[in-house]
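I have placed the structure first, in the form of structure tokens, so that the comments after it can refer back to it.
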Amino acid sequence: MTIGHPIIKFDTLESTNKTAAELLNLSKVQHGAVILAHEQTAGRGQRGRSWLSEPGADLMMSVVLKPARLRADEQFALGKVAALAVAEVVRLLVPGEVRIKWPNDVLVDRLKIAGILIKNEVVGELVHSSVVGMGINANSHDFPEALVATSILLESGRKVELAVLLDHVCKALDRRWKAYEAGESGLAEEYVDQLWARGRWAELLLDDRPVMGRPVDVDRHGRLIVELEGGEVAAYGLDRLRFAPR
Ligand code: ATP
């Protein structure tokens, strides 16, 4: 089954992830279904933070995936697949440098152009189903400065049709997902090659305390491996570590 079949469109939703999860619970959607909203009134980021988008200008979508066999402790593979797919599409459309900010935001230079929020349903040791929410700033151009955001329009000087963008995202995701399921290697390397701030000292918050750290790699559980100032190298999950607000 191909990602993007069917595409279910709504005018206004609280969030595409919420509706996708509801439809999934009712068995009304299968692998590959995409939920799309013209307007999202309560879009979410990590830790319940909000994701803002301009109705009709930006892409707000959630994809339903049913992994054949994805171990719960390796679920971050999905985050890598999704971030690489979005980064690949953004790279097609803008000239700036595209990077993935761990765990799965996409930046152009240092500005955020897309956010990804994944909710997995785990049964036993396996991921039974997954909802991959993506917000891509397409044609918005008036971001509050505090957002440190940009859009395809701002970066390329050209409007992008949301239907075209959606098609690119579905195809990129489908290709990368099938490659992953087929056991192709290279996912981890590709992800880490595109990691924002890799090898550079960055301001981080470890257990809410500011520290300087140098991102080195991401392990198979999705934890960021950082070198801290004392020279110690350790892996931390999102529960303990994040980039300090910019
Ligand atoms: P940050 O990027 O600020 O370190 P984060 O990685 O935790 O935060 P997410 O949870 O992925 O961020 O996304 C939510 C945050 O993204 C919000 O708190 C807001 O700062 C920012 N944001 C919200 N809407 C947008 C948007 N359309 N474009 C870019 N950034 C946004």
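The values are calculated or read from the model by the stated rules, or taken from the named source; none is laboratory data. Here the structure is a predicted model, which is why all the values come from computation and not from measurement. Because the Cβ atoms are built from the backbone with ideal geometry, glycine has one as well, and the counts that use them run over all protein chains shown. Note: accessible area is taken over every heavy atom of the protein model, side chains too, but ligands, DNA and RNA are not part of it. Shrake-Rupley method; radii C 1.70, N 1.55, O 1.52, S 1.80 Å.
Using helices alone, I'd like the mean residue ellipticity at 222 nm for the chain: each DSSP H run of four-plus residues gives -39500 (n - 2.57), total over residue count, nearest 500.
My calculation for the chain gives -7500 deg cm²/dmol from helical runs alone.
Take the Cα radius of gyration of the stretch 202-243 and divide it by 2.2 N^0.38 Å, with N its residue count; two decimals is plenty.
Relative to the rule-of-thumb radius for its length, the stretch 202-243 sits at 1.01.
What are the residues whose amide H is under 5 Å from the amide H of residue 101, where those residues sit 5 or more places off or on another chain and H is modelled from the backbone?
Result for residue 101 returns 106, 107, 196.
Give me a comma-separated list of calculated 3J(HN,Hα) values for the stretch 39-48, in order, Karplus coefficients 6.51, -1.76, 1.60 applied at θ = phi - 60°, integers in Hz, x for any Gly or Pro.
Couplings: 9, 10, 8, 9, x, 10, x, 5, 6, x Hz.
Let me know the longest stretch in the chain that avoids all GluC sites (Glu not before Pro) found in a DSSP loop with at most 15 other C-beta atoms within 10 Å.
It works out to 15-96.
In Å², what does the accessible area per residue of the stretch 26-133 work out to with a 1.4 Å probe?
Per residue, the stretch 26-133 has 40 Å² of solvent-accessible surface.
Which pairs break 18 Å Cα to Cα here: 18/119; 18/80; 80/119?
Over 18 Å Cα-Cα: 18/80.
Which semi-axes, in whole Å and largest first, does the equivalent ellipsoid of the chain have when worked out from the alpha carbon gyration tensor as the square roots of 5 times its eigenvalues?
Square roots of five times the eigenvalues give 27, 23, 17 Å.
Loop-only check: which trypsin sites (Lys or Arg not before Pro) in the stretch 1-108 are DSSP coil with at most 14 other Cβ within 10 angstrom?
Filter output for the stretch 1-108: 28, 49, 69.
Give a quick list of trypsin sites (Lys or Arg not before Pro) in the stretch 102-179 that DSSP marks as loop, anything other than H, G, I, E or B, with at most 13 other Cβ atoms within 10 Å. Walk me through the numbers before you get to the answer.
Details: sites: 110, 112, 119, 158, 159, 171, 175, 176, 178; in loops: 110, 158, 159.
Those satisfying the criteria are 158, 159.
If each residue of separation counts as 0.36 nm, what is the full-extension length gain between residue 14 and residue 91 once their alpha-carbon separation is subtracted?
Full extension from residue 14 to residue 91 adds 24.8 nm.
Counting only protein heavy atoms, what percent of the accessible surface of the chain is carbon or sulfur at a 1.4 Å probe?
Roughly 49 percent, rounded to a whole number.
For the chain, list the DSSP H helices whose alpha carbon atoms reach 18 Å or more along the long axis and whose average Kyte-Doolittle value is -1.0 or above?
Passing helices, by number: 76-93, 162-181.
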